[in-house]
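Student: Following this message is one structure expressed as structure tokens.
The values are calculated or read from the model by the stated rules, or taken from the named source; none is laboratory data. Please read these numbers as outputs of a predicted model, since none were measured by experiment. Virtual Cβ from ideal backbone geometry, glycine too; neighbours counted across all protein chains shown. Remember, those area values only see protein heavy atoms, side chains included, never the ligands or the DNA or RNA. Shrake-Rupley method; radii C 1.70, N 1.55, O 1.52, S 1.80 Å.
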Amino acid sequence: LMFSCRMLLSERVNKPDEALALSEDIDKRYPNADPKLVIAIMAQRIDAKLKKTQVQDAEADLKGLKAKYEKEGVGLDHYSRALSMMANAYTAAAAAEKTKDPEKYDLFGMKAADYYYEFYQLNPGAITGKIDQMEGMAQMLFIAAEQRMKTGQAKNDKDMVEEARKIYARSRDLY
């Protein structure tokens, strides 16, 4: 199933509907399957939904993938790839809304920054030594910190403000 989904999602074949049909209810159909393979297939489902521009559905699937990853403790590479795909999808959505709707632009940009931050938290070494990626991640972390700082101050949440300060420090270190 994993390799079939991968082939269906390749640029040459590009059949996300078939990949989604093939991988539907993977957890229920194969309860004893290797968790890493299930996580890989779940990440491919997210990829298929993003190819079909079903970002909200993909976001719901990501929550299930995160729960499975946290429960099993395997599949970091697939989970981090799914986070990256979600971040890129929201970055593209923000770019499309930049001139049309500034509120959506900000919202999508903040969601992208949150996914980039979660990606960075999981695997900070993934971008080490890659100057362009480090600079881009620093910018996304800065945006995530700003969002958390505003929200924390508005809600008078000291923990969120402190988390924002830590994110600012990580952003500064990357710069």
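Student: Can you give the local net charge around M85? Use residues other than it whose beta-carbon is closer than 10 angstrom to its beta-carbon, Lys and Arg +1, Asp and Glu -1.
Tutor: Value of the local net charge: +2.
Student: So which of K49/K104; K71/K150; K71/K130; K15/K36; K28/K51; K104/K155 end up more than 27 Å apart by C-alpha?
Tutor: K71/K150; K71/K130
Student: Which distance in nm do the two modelled labels at V13 and I131 give, with both placed 7 Å along the Cα-to-Cβ direction?
Tutor: 4.0 nm
Student: Roll a 1.4 Å probe over the protein chains and send me the accessible area per residue for the chain in Å².
Tutor: 59 Å²
Student: Report the label-to-label distance for E162 and Y30 in nanometres (one decimal), using points 7 Å from each Cα along the Cα→Cβ vector.
Tutor: Between E162 and Y30, the label points sit 4.4 nm apart.
Student: Right, here's the next one. Taking the chain as the reference, fit the longest principal axis to its C-alpha atoms, fit the long axis of helix 131-155 to the helix C-alpha atoms, and give the angle between the two in degrees, 0 to 90, nearest 10.
Tutor: Value to nearest ten degrees: 70.
Student: Please state the charge dipole magnitude for the chain, taken about the Cα centre, from unit charges on C-beta atoms (+1 on K and R, -1 on D and E), reported in debye and rounded to the nearest 20.
Tutor: Once rounded to the nearest 20, the dipole reads 80 debye.
Student: What ³J(HN,Hα) values, in whole Hz, does the Karplus curve 6.51 cos²θ - 1.76 cosθ + 1.60 give for the stretch 40-50 when θ = phi - 60°, with x put for Gly and Pro?
Tutor: Whole-Hz 3J(HN,Hα) from phi for the stretch 40-50: 4, 5, 4, 5, 5, 4, 5, 4, 4, 5, 5.
Student: Keeping the other protein chains in place, figure out the carbon and sulfur percent of the accessible area of the chain, with a 1.4 Å probe.
Tutor: 50 percent
Student: Once both axes come from the Cα atoms, what is the angle between helix 102-122 and the longest principal axis of the chain, in degrees from 0 to 90, rounded to 10?
Tutor: 70 degrees
Student: Here are some values of Cα extents along the principal axes in Å: (i) 95, 36, 25; (ii) 42, 41, 31; (iii) 46, 38, 35. Which one was computed from this structure?
Tutor: The listed entry that was calculated here is (iii).
Student: Would you mind computing, in nm to one decimal, how far apart the modelled labels at L37 and A60 are, each placed 7 Å from Cα along Cα→Cβ?
Tutor: 2.7 nm
Student: In addition: Assuming 0.36 nm per residue, please report the length gained on full extension of the stretch A169 to R6 beyond their Cα-Cα distance.
Tutor: Contour length minus Cα-Cα distance gives 54.9 nm.
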